[in-house]
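Single-structure report; data block below.
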Amino acid sequence: MLVIFANLWIWRAFVSNFPVFVALVMASVVLIKAFDNKKYIKFVLITFGALLLWQAIGTQRQDLQKLDNDQIRVQDTRLNEYPPINFPLAYWLEARPETVAFSRVRDNFFEQLDLNLYFFAAHPRERVGVDEFEKFPYILLPFFGVGIFVAWQKYKFLLVALLTSIIAASLIGINNHLGNFSIFPPLVGLVYLGLKKTYDWVPIKFRKLSIIIFAISFVLAFMQIYLYETA
Amino acid sequence: MKLRNTKLVWLLIIIGIGAFLRFYKLSEIPSGVYVDEAAIGYNAYSILETGRDEFGFSFPVFLRSFGAFSSPLYVYLSIPLIKLFGLSEFSIRFLSALSGTLTIPIIYLILQRFLKKRSEQSVLLGTLVFAISPWHIFFSRGAFEANLGLLILSLAILAFLSTRRNKKYYLIGVFLLAISTYAYHSLRLVPAVFLPVYSLFLVKNKYISIKDVAVAVGIFVIVLMPQIAIMTTPAFSSRASGLLYLDIVSSQSGKLGLLPEVVAFPLAFAREFFAQFISYVNPKNIFFLGDSDLQRSIPTMGLYYSWLLPFWFFGLRKNFLLVLMLVSFIVPAALARDPFSSLRALSLIIPFSIMIAFGFEYFISKVGHKIVTGGVILFSLASMLFLWRAYFVLFAHERAAIWNYGYSELAEEIKSRDEHFVIDTSRIKPPHILLAFYLRNPPKDYQEFAKTKIKAGYYEDLDFDTYYKLRNFETRLINWEEDVYREQILVGDSLSISSEQAAEHFLDKVFEIKGPLNEIIFVGFKTNPEEKCKSVKFLNKNCK
């Protein structure tokens, strides 16, 4: 519950699109349930599939081949930079529709892999013209890392969900004010797994103390990102 | 024996490819010379000719160029190369290209030690990927001190990896690590994190004794003696304090008004540091965006080819030295204010190469070596095409202005004319050193002028200003009240002198230097004091 609700992303969804908020909470809860009970997997498929569909409908589709005026200018300049050869290599590398589409998909794909985007509001490389916000408190990042290792060993379906969401967003674009929200449940799942695994690692006699330290750090980090956001 | 020869042949082929990519058109691309390159070259030339640097100081521990106090090893090692090839783009970049090429076999040996001969294909493929990586090729083709530092650091790591066989390699490693601090300023911080932890690890595992550590500390201190001698001067700390982002942290902690300063400041620092730290392992930066600085990046290309991402990701291992390298090489870069500096983090190429090789090993164990080897060779060939496109075509044209294209032509103009020149410095990077480089300005004359700029002492005075008067040119802001009343040529970029100003002051355009994209880099206007004086109705003090 802490991972699902103690982040700015879910509350943005709550404020701007309540049905998405409900869907995200449901998909995340079902996903976490599925770690202990495999019969929930089918519900994961249903909720996550619905979320992907919602993402696809709610996102302003990006034309993978259409160029704006500035992009046309850059393309024209680049076509003239190549040495003259009797082979349309410059066209192949710069202007073929497939080349343009491939580079768009690649842009979108790597945009999804930006760890700083999810945990540091894209800092220190904030994007121009984008309202950046810290989707998850940065204190959860180490647990996300641990979660990936746990998921790789035991819950590969979580990584499949993560990858599906990334690939879908790479193809349809991310022109949505909530960003690629279909990635929210897999991210929550990974952080949850990381927290659980870390808790298991801590010797029993230190567990209380570690919970107190984590709680204080979490509250401070959450206050920090909230105050940065509202400053 | 046959297998060994085959490996050697493949390694030589990889080194050959790497050398070609580092030396091909070295003097032409990057198109121009960056100010730091010019400073390195001119200081080496100055020491060669006079035994003193540009400020007339004998063999400095740090070079004060532009008040930056950069590490001196690159300059000193460039002296014989300048003697051999003359002062040119080629001679100043040669050492970096050579260091880059020599690093290839060192990386091969490091990978071999890490993978323990389990998979020779992974080692060779890892070396191939290093040899053709855009990141390393880029820094090998410019006079970057960091690239020389990387070679020394790789040798140090190789020595540390051999400590298990013979503990004398530990001392060699420490010696090399100490030497690396003279090669690049970021490497001054690496031993502080790396050495204590790694020494402790070696002692704990009984590879070395406490006595060896004591000897190592002695070696380290002796090598660092020249730096220790100037430790108290502002020069020693100026670079670090200029780069550290404490001002940003301070302003961020101001936003946490609810919290006491003692909590707010560490909290703001933690977020800043971890954001920077994570950016150095962020796949988007490594495999897609590359450096945030246009001067240090290749258009459309990350530090590595995008297809290497899965190998890198699956190559992370719970290996003590690998993790220690990752942490200790990221920390110095993460403490600097630039967002994701591929230059400051160049050392990371060593652990990343190891990770990629481990990734190859992982995939070979899953799908077999034929598929992985074939796939990697195929993708590498395709990557060569994209590297040619990004570096030799796009970078050569689009980043020419950033790399100071046009100074060679400007130097020719200055050389070919008798008139006095004023080079406007409002938007142009310190032009004096570039012109001194291209004009091969006699170092003694240069030193005479530069010496006047040091008031408090070589290592004490941190001030730097762009006013220089050498030969028949001055570098400063144009003074419109006076310059138009003197016979001279005013030089600026396309914004320095507008057509209205040219008309108002009777200036005649005498030359225009254009970049490869046909954009104006420099415009030269000859003044016309006679006409100007006729036009002023009142008696101007500058008119006779």
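The values are calculated or read from the model by the stated rules, or taken from the named source; none is laboratory data. For clarity, every value in this text was computed on a predicted model and none was experimentally measured. Glycine gets a Cβ as well: all are built from the backbone with ideal geometry, and neighbour counts include every protein chain shown. Accessible surface areas use protein heavy atoms only, side chains included; no ligands, DNA or RNA. Shrake-Rupley method; radii C 1.70, N 1.55, O 1.52, S 1.80 Å.
Have a look at B:Glu261, B:Glu272 and point out the one that is of a type in the set (Asp, Glu) and either out of contact with any helix residue (DSSP H, G or I) (no Cβ under 9 Å at 6 or more places or on another chain) or over 27 Å from B:Leu324 (Cα atoms) (or both).
Going through B:Glu261, B:Glu272 in turn, the sole match is B:Glu261.
Can you pull out every residue in region A:119-144 that is within 10 Å of chain B (Cβ to nearest Cβ), part of a helix (DSSP H, G or I) and either touching a Lys or Arg at 6+ places or on another chain (Cβ under 9 Å) or open to solvent by less than 30 Å² (accessible area, probe 1.4 Å) (or both)?
Within region A:119-144, A:Phe119, A:Tyr138, A:Leu141 qualify.
Of these, A:Asn116, A:Asn176, which one is within 11 Å of chain B (Cβ to nearest Cβ), on the phi < 0 side of the Ramachandran plot, open to solvent by less than 40 Å² (accessible area, probe 1.4 Å) and within 18 Å of the chain's Cα centre (by Cα)?
Residue meeting the stated conditions: A:Asn116.
Considering (1) at pLDDT 95 or above; (2) more than 18 Å from the chain's Cα centre (by Cα), say which one B:Ser250 fails and leave the rest.
Result: B:Ser250 fails condition (1) only.
Condition check ((1) closer than 30 Å to B:Gly86 by Cβ; (2) assigned to a helix (DSSP H, G or I); (3) modelled with pLDDT under 95; (4) more than 14 Å from every other protein chain (Cβ to nearest Cβ)) across all residues:
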position: B:Leu434; (1), (2), (3), (4): yes, yes, no, yes
position: B:Glu460; (1), (2), (3), (4): no, no, yes, yes
position: B:Glu474; (1), (2), (3), (4): yes, no, no, yes
position: B:Trp480; (1), (2), (3), (4): no, no, yes, yes
position: B:Gln501; (1), (2), (3), (4): no, yes, yes, yes
position: B:Ile521; (1), (2), (3), (4): yes, no, no, yes
position: B:Glu531; (1), (2), (3), (4): no, yes, yes, yes
position: B:Lys541; (1), (2), (3), (4): no, no, yes, yes
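Give just the number: which of (1) buried (at least 19 other Cβ atoms within 10 Å of the Cβ); (2) assigned to a helix (DSSP H, G or I); (3) within 14 Å of chain A (Cβ to nearest Cβ); (4) of a type outside the set (D, E, K, R) does B:Phe273 not satisfy?
(1)
Output the qualifying pairs, or none if there are none: Cβ atoms under 7 angstrom, residues six or more apart or on different chains, first residue in region B:453-470 and farther than 22 Å from B:Phe437 by Cα, second residue of a type in the set (A, V, I, L, M).
B:Tyr459/B:Ile230; B:Tyr459/B:Ala235; B:Asp461/B:Ile454
Kindly indicate whether B:Ser279 is touching a residue at least 24 places away in the same chain (Cβ under 8 Å), open to solvent by 50 Å² or more (accessible area, probe 1.4 Å) and within 14 Å of chain A (Cβ to nearest Cβ).
no
Being within 21 Å of B:Pro430 (Cβ to Cβ), in a loop (DSSP other than H, G, I, E, B) and touching a helix residue (DSSP H, G or I) at 6+ places or on another chain (Cβ under 7 Å), is that true of even one residue in region B:34-49?
Yes, region B:34-49 contains at least one residue that is within 21 Å of B:Pro430 (Cβ to Cβ), in a loop (DSSP other than H, G, I, E, B) and touching a helix residue (DSSP H, G or I) at 6+ places or on another chain (Cβ under 7 Å).
When region B:336-360 is examined, which residues are found to be outside any helix (DSSP H, G or I) and either in contact (Cβ under 8 Å) with a residue 60 or more places away in the chain or surrounded by 24 or more Cβ atoms within 10 Å (Cβ to Cβ) (or both)? Outline the logic, then answer.
We begin by selecting, within region B:336-360, every residue outside any helix (DSSP H, G or I); these are B:336-345.
B:Ala336, B:Arg337, B:Asp338, B:Pro339, B:Phe340, B:Ser342, B:Leu343, B:Arg344, B:Ala345 - these are the residues of region B:336-360 that are outside any helix (DSSP H, G or I) and either in contact (Cβ under 8 Å) with a residue 60 or more places away in the chain or surrounded by 24 or more Cβ atoms within 10 Å (Cβ to Cβ) (or both).
Just checking, which of B:Ser297, B:Ser292, B:Ser342 is facing chain A (nearest Cβ under 8 Å) and under 23 Å from B:Ala396 (Cα atoms)? Explain how you work it out, then say what you get.
Details: B:Ser297 fails: facing chain A (nearest Cβ under 8 Å); B:Ser342 fails: facing chain A (nearest Cβ under 8 Å).
Only one candidate qualifies: B:Ser292.
Using the structure shown, decide if A:Asp63 is acidic (Asp, Glu), assigned to a loop (DSSP other than H, G, I, E, B) and closer than 27 Å to A:Trp11 by Cβ.
In short, no.
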